[in-house]
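Participant: Before I ask anything, here is the structure I am working with.
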Amino acid sequence: MRVLALDPGYERLGIAVLEKNIGGKEQVIFSECFQTAKTELFINRLHAVGVELRKIITEFLPEAVAIESLFFTNNQKTAMHVAEVRGVIMYEAANHGLLFSEFTPGQIKNAVTGDGRADKKQIFSMIPKLVKINKKIDFDDEYDAIAIGLTFLAGQGYPQAQLAAFAQKK
């Protein structure tokens, strides 16, 4: 199974495409931190996110999209903008007929480290132990996307019955 995992943001969007190979080993096929220009109008930033997602979906042909659940911070404007980015992500997932799943930070921490209260440093130190990464990663958002993908592939995303039904539709 191949999953497009996303750490939603409008300034920086963590993107990772992971695949679970026969034998059960997860592999990072692609990852990046997609950035939009602060000088652009917000609507243009949303459009850029949608265009990038379409490009990634078309190139890598994932069967599912996984994202982190939105949790509110003190900055309501930022939370609203992130919610709108999530809307673009959900639209593109539905538009391409992909499974969609989201995870809380605790679920992601538990899947990657075995501890739902792990900190970012613990998560980031575990990721290279779980999957091979052949490039330098500059932003946390990219690591977060990889962690989200690992969570999905660890069986946290969908019950087997739903996956089987989805596979029959294809």
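Participant: Sort 103, 139, 152, 42 so the one with the fewest other Cβ atoms within 10 Å of its own Cβ comes first.
Facilitator: Neighbour counts put them in this order, fewest first: 42, 139, 103, 152.
Participant: Quick one, could you list the DSSP H helices from the chain stretching 18 Å or more along their long axis (Cα atoms) with average Kyte-Doolittle hydropathy of -0.5 or above?
Facilitator: For the chain, where a helix must reach 18 Å along its axis and average at least -0.5, the hits are 42-60, 76-95.
Participant: Contour minus end-to-end for residue 129 and residue 29, with contour as 0.36 nm per residue of separation and end-to-end as the Cα-Cα distance?
Facilitator: Separation in residues times 0.36 nm, less the Cα-Cα distance, equals 34.4 nm.
Participant: Could you list 20, 121, 55, 136 so that the one with the fewest beta carbons within 10 Å of its beta carbon is first and the one with the most is last?
Facilitator: 136, 121, 55, 20
Participant: Neighbour counts of other C-beta atoms within 10 Å: give me 45, 117 arranged from fewest to most.
Facilitator: 117, 45
Participant: Run lengths n ≥ 4 of DSSP H only: what is the helix-derived mean residue ellipticity at 222 nm for the chain, with -39500 (n - 2.57) per run over all residues, to the nearest 500?
Facilitator: -15000 deg cm²/dmol
Participant: Could you please tell me the mean projected area of the C-alpha convex hull for segment 17-58, averaged over all directions and given in square nanometres to one decimal?
Facilitator: 3.5
Participant: Quick one: work out the % antiparallel among DSSP beta bridges in the chain, nearest 5.
Facilitator: So the antiparallel bridges in the chain amount to around 60 percent.
Participant: Report, in debye and to the nearest 20, how large the dipole of the chain comes out about its Cα centre when Lys and Arg carry +1 and Asp and Glu carry -1 on their Cβ.
Facilitator: Using only the charged Cβ atoms, the result is roughly 280 debye.
Participant: Run the numbers on the chain and let me know its relative contact order in percent, using alpha-carbon pairs under 8 Å that are six or more apart.
Facilitator: Normalised by residue count, the contact order of the chain is 30 percent.
Laboratory data are not the source of any read-out in this text; all were calculated from the coordinates shown. The shown structure was predicted, so the numbers you read here are calculated from the model rather than taken from an experiment. Counting neighbours? That spans all protein chains shown, and the Cβs are built from the backbone with ideal geometry, glycine included.
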